[in-house]
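The values are calculated or read from the model by the stated rules, or taken from the named source; none is laboratory data. Since the structure is predicted, the reported quantities are computational estimates derived from the model, not experimental observations. Because the Cβ atoms are built from the backbone with ideal geometry, glycine has one as well, and the counts that use them run over all protein chains shown.
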Amino acid sequence: MADFVKRSQYNQICTIQVSVTTKTNAVCGSASGILVDPGHGYVITHASILYTLQDYFHDQLLDKISRHGSSLFGKPIFHCKATVEVLLPNAFENRTGLHPTGSTIHTVLSGGVSNHASSLSKHAGRIISVFEIKNLRDVIQAMLPQEHWQFEDDITGQTQKPVTMQEPAQNNNSTGKKQDSLFCYILLPCFVLIQIENWEQTQSSLLFRNALDNVAGDLIEICATPFGAMHPEIFLNCRSSGIISKVAGHDKVLLFTDARCLPGCEGGALFFVQNGIRFLTGMMIASLCWKNSEWVGLSLACSITELIHAVKRHVTVQQTSWADNGRIDSSLGARMCSRMISQVCCVSVGSGWGSGVYLDLDLGVILTCSHVLRDIEHIKHVNVMNSAGQQRSACDVIYRSPLGTQFDIAVLQSRPFRGQKTASASNIKSVEEGEVVYVVGYAIFRHDGDPVPMVTRGVVAKVNMIGNVPVMLQTTCAVHAGASGGGVFNSKGQLVAMVICNSRDSVSGASYPHVNMCVPLATLEPFLSQYLANGDRRSLHILTTHNKSIQKMWELGSAENGVMGKL
C-alpha cells in the first residue's frame, strides 16, 4: 500500500515547457512542477521557467511584480504567441518489474523490443497567473541580498552561465550578466499557476505537511526533473534525499536543504519522509546558489503552505489532505539535531564570526578554532550567542594555539546560560569511516536575526591516523564559511569532531564544501577532560602539537599548497 501511495504521489510531479514563437525565433523555458489539484488540472511551477523568455515579456511586467508584489492574474505575460506543455508520468506504466526474468532481459538486449510504451503523457496548458509570495520575498531580501547572492539558471545556455569551479568569479563582470542576475533575483519569490486544458478530473494522492512543523534535521526527499524538458524521458522525476538544513522567515516560508538539486529541478517537490510515507512540504526554487561568487552546496525551497494559500486567493482548488490536521511529529533525526543545536554557539570577534561547541554548559566552557579569534589582539572582546538567542560578552580566552600551528583550537569560558541541557566532554566519542555524521555550525549566516545554526548531513569520508591515533577527520557534509569551530556529531547526537576548514582550489579560489577537515575530539578528550576536572590551563598546552608528521598533514592548508581554506 505504501509503495502504491508513493508511486501515485510521484504521478503528480511533472515537468513543464513554455515555448514562445515569433516570425524569426523560437525560445523555450522549462522547469519541474506539481499537479496540486488534479480535480481542476492546476499545476504550480517556479518562475525560473520564465528565465529564458525575458525578451518576450510585456513591457513593465517585471516592474509590476517587483514594485507591487501583486499577482498578474489573467493578464497576458508575453507580447507574442506562447504554448505550454505539461509532461506527466504515464500513470499506467508498469513500474513493478524491477526484477525482470532472464528471458525478458535477453529479449530487450538482443533487440527483440525496439520501442516501448511512452513513460510520459503530454498535455497542453495555459498560464493562469504569475504571482509573488511576499513573505518569501521579505526573507530573501533580508537574508540573501542581491549584491551578495546569485541564483542563475543554466539549462538552455541562453541565460547567464553561473560561475563554476573552472570559471573564477573575476571573469563575471559584464553588464548583461548583471542584468540577468537581477532578473533571476526578482523572479526568485515568484511562481506560475498553469491549468491543463481538456483535463479529466481525478483525485489527489498527495499528503501535505504544514510548514510550521518543519525543523532542521528533518529527513526529506526531492522529486524533480534535472535539466527540465531537455531529456524528460530519461530524467523525469529523479529522486534525491537529504535533510532540512535550516528554516527561515515568517511561518518558516524558506527552507534550505543539502539534498542534491540540479538545474531544472526548480518547481519540483520537496517531501518530508517519515516511516516510508511522503508528505509534500515544499517546492524547490533554487538549485544552484552562489554567495560572493562562491558556490553554496545548498538548495532553496518555499513552503507548500504558503503556496497553497496563495493559489487559493485566485482560484478554487480541490481540498488538500493535511497530515493530522497539519500537525505531524518531526523525525527522530530532527529531534536528535535539536540536541546537537543546543550544544553549538556563535562566536564573534568584531565583524568576524565562527562557531563553537560547549564542552561543559554548566561551566560555560567552549571549544572553537584559533583562527576564529584572529582579531582578538585588536578587538579584545569575544561575544557568544547560543541557539536560544541568549548572549554573553567578554568571554575569557583560556587557551589558544598559535596561528600556523595545529590543531588550530581555542578554549573559551563564559558565564553559563540558564535553561540549557547539560553538555559534557564525556559525551565525546570516536567515529569510523562511512559513519553518518551531522555538521552543526553558523555557516553562511551570522546569528543576527536568527540564532539557530545550520545543519548538514553526510558521512565520514576518511579518518587520517598516525601511530593508530586519529589526527584528522574528513566528512562529506556541506561546510561553508562560518562553520569553523562547529560540531560534528554522530547519529546518536554524540560529539565526534570539530570543523576546522574546507578545501579550496589554489588557482581559482573556488571552495569545495563537501571536502572538509576536522579535528577528531576523541584524541583531545583526555586533555580537555583534565582541564574541566581541575581547571589547570597547563593541561591544554599539549594540544599545541610538535609532531612533524601531524604538522605536515595539516600544512596542506598553508599558503604555498592552498588545498585547505579556513572558514
Checklist entry - Within the range 388-427, which residues are at pLDDT 80 or above and more than 22 Å from Gly350 (Cα to Cα)? => result Phe407
Item to check | Residue within the range 428-436 that is under 27 Å from Lys492 (Cβ atoms), modelled with pLDDT of 95 or more and in a strand (DSSP E or B) present | outcome: yes
Item to check | Close pairs (9 angstrom Cβ cut-off, 6 or more residues apart or separate chains): part of a helix (DSSP H, G or I) in the range 179-197, of a type in the set (Gly, Ala, Ser) and modelled with pLDDT under 90 anywhere | outcome: Ile186/Ser66
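Confirm whether Gly467 is free of Cβ contacts under 8 Å to residues at least 24 places away in the same chain and either assigned by TED's automatic domain parsing to the domain that holds Ile244 or not aliphatic (A, V, I, L, M) (or both).
Numbers: free of Cβ contacts under 8 Å to residues at least 24 places away in the same chain: yes; either assigned by TED's automatic domain parsing to the domain that holds Ile244 or not aliphatic (A, V, I, L, M) (or both): yes.
Yes: the conditions hold for Gly467.
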Checklist entry - Can you tell me which residues in the range 528-552 are surrounded by fewer than 17 Cβ atoms within 10 Å (Cβ to Cβ) and either outside the structural domain of Tyr399 (by TED's automatic domain parsing) or in a helix (DSSP H, G or I) (or both)? => result Gln530, Ala533, Asn534, Arg537, Arg538, His541, Ile542, Lys548, Ser549, Gln551, Lys552
Checklist entry - Given Glu560, Glu525, which one is modelled with pLDDT under 90, out of contact with any strand residue (DSSP E or B) (no Cβ under 6 Å at 6 or more places or on another chain) and either outside any loop (DSSP other than H, G, I, E, B) or surrounded by fewer than 16 Cβ atoms within 10 Å (Cβ to Cβ) (or both)? => result Glu560
Next on the checklist: With the condition being crowded, with 24+ Cβ neighbours inside 10 Å and touching a Gly at 6+ places or on another chain (Cβ under 7 Å), I'd like the strands (runs of 3 or more DSSP E) fully within the range 339-399 carrying at least 2 qualifying residues.
Outcome noted: 344-349, 352-360, 365-369
Checklist entry - Which is touching a strand residue (DSSP E or B) at 6+ places or on another chain (Cβ under 9 Å), over 24 Å from Gln141 (Cβ atoms) and in contact (Cβ under 8 Å) with a residue 24 or more places away in the chain, of Ser299, Ser240, Ser321, Ser287? => result Ser321
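Would you check if there is a residue in the range 149-167 being in the same structural domain as Glu294 (by TED's automatic domain parsing), modelled with pLDDT of 80 or more, surrounded by 15 or more Cβ atoms within 10 Å (Cβ to Cβ) and assigned to a loop (DSSP other than H, G, I, E, B)? Steps first, answer last, please.
In the first step, residues of the range 149-167 are kept if they are in the same structural domain as Glu294 (by TED's automatic domain parsing); the result is 149-167.
Then keep just the ones that are modelled with pLDDT of 80 or more; that gives 149-151.
Restricting the remaining residues to those that are surrounded by 15 or more Cβ atoms within 10 Å (Cβ to Cβ) gives 149-151.
Right, trim to assigned to a loop (DSSP other than H, G, I, E, B) and you get 151.
Within the range 149-167 (the criterion being in the same structural domain as Glu294 (by TED's automatic domain parsing), modelled with pLDDT of 80 or more, surrounded by 15 or more Cβ atoms within 10 Å (Cβ to Cβ) and assigned to a loop (DSSP other than H, G, I, E, B)), the answer is yes, since at least one residue qualifies.
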Checklist entry - Within the range 239-276, which residues are β-branched (Val, Ile, Thr) and modelled with pLDDT of 95 or more? => result Ile243, Ile244, Val247, Val253, Thr257
